[in-house]
Amino acid sequence: MDPSAINSPELLQFINQEKERAMINEMVAKLTTVCWDKCITSTPGSKFSSSEQSCLSNCARRYLDMSALIMKRFQNMQ
Amino acid sequence: MDSFSSPSSGSSSQFNSDVFKDQLKNQLAQAYAEEFLETLRAKCFDKCVTKPGSSLSGSESSCISRCMDRYVEATGIISRALFSGPPQ
């Protein structure tokens, strides 16, 4: 086996891309379960109401805002 | 990029980059699918089967079906809000 094939820059870049995709997937999955619980309070219907839709969308964005806020405050705690 | 070209070398002990990449992508896709399925089971059981009976009723079944569609839709809404929504 030729060991240098594993360390090719192309392969390393591929692995990093898949790592990033996995992180994104994880973030979306986690936020979806959290926001589903917050926003979909009744039995699921055949479509979302517009308030359910905006709740889900707002939920994701406010989570990002909160995340930025926490980072900022945490740095001030150091 | 052709992901389905056969290995250029005949020896099975030779490291083949394309095969490795395919296998990695397949295993990741499988892992994502399993995690998603587990979430669907948990959420839809919670919403639709509130008092388990001796079998799944018709309304429980259609609820589960709608729940799956809604959850997939919710995933899309969240994904777009995170990555391509208008700046808030």
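The table below gives the values:
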quantity: The protein assembly as shown: calculated mean residue ellipticity at 222 nm from DSSP helix runs of at least 4, using -39500 (n - 2.57); calculated: -25500 deg cm²/dmol
quantity: Total charge dipole magnitude, the protein assembly as shown, about the Cα centre, Cβ charges on Lys, Arg, Asp, Glu only, Debye to nearest 20; calculated: 880
quantity: Ranked by how many other beta carbons lie within 10 Å on average, peptides A:40-46, A:57-63 from highest; calculated: A:57-63, A:40-46
quantity: Which of B:Val49, A:Val28, B:Val72 has the fewest Cβ neighbours within 10 Å, and the rest in rising order; calculated: B:Val72, B:Val49, A:Val28
quantity: Simple Cβ-charge dipole of the range A:32-75, Lys/Arg +1 and Asp/Glu -1, about Cα centre, in debye nearest 20; calculated: 180
quantity: Distance in nm between pseudo-label sites at A:Arg73 and A:Glu26 (7 Å out along the Cβ direction from Cα); calculated: 2.4
quantity: Inter-label distance for B:Thr50 and B:Asp22, nm, one decimal - labels placed 7 Å from Cα along Cα-to-Cβ; calculated: 5.0
quantity: Simple spin-label estimate for B:Val72 and A:Ser8 in nanometres, 7 Å along Cα-Cβ; calculated: 3.6
quantity: Dipole magnitude of the range A:3-77, debye to nearest 20 (Cβ charges: Lys/Arg +1, Asp/Glu -1, about Cα centre); calculated: 320
quantity: Contour minus Cα-Cα distance for A:Lys38 and A:Ser50 (0.36 nm per residue); calculated: 2.8 nm
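No lab work stands behind these numbers, since they all come straight from the coordinates. Remember, predicted model here, so these are calculated numbers, not experimental data. Methodologically, a virtual Cβ is constructed for each residue, glycine included, from the backbone with ideal geometry; neighbour enumeration extends over all protein chains shown.
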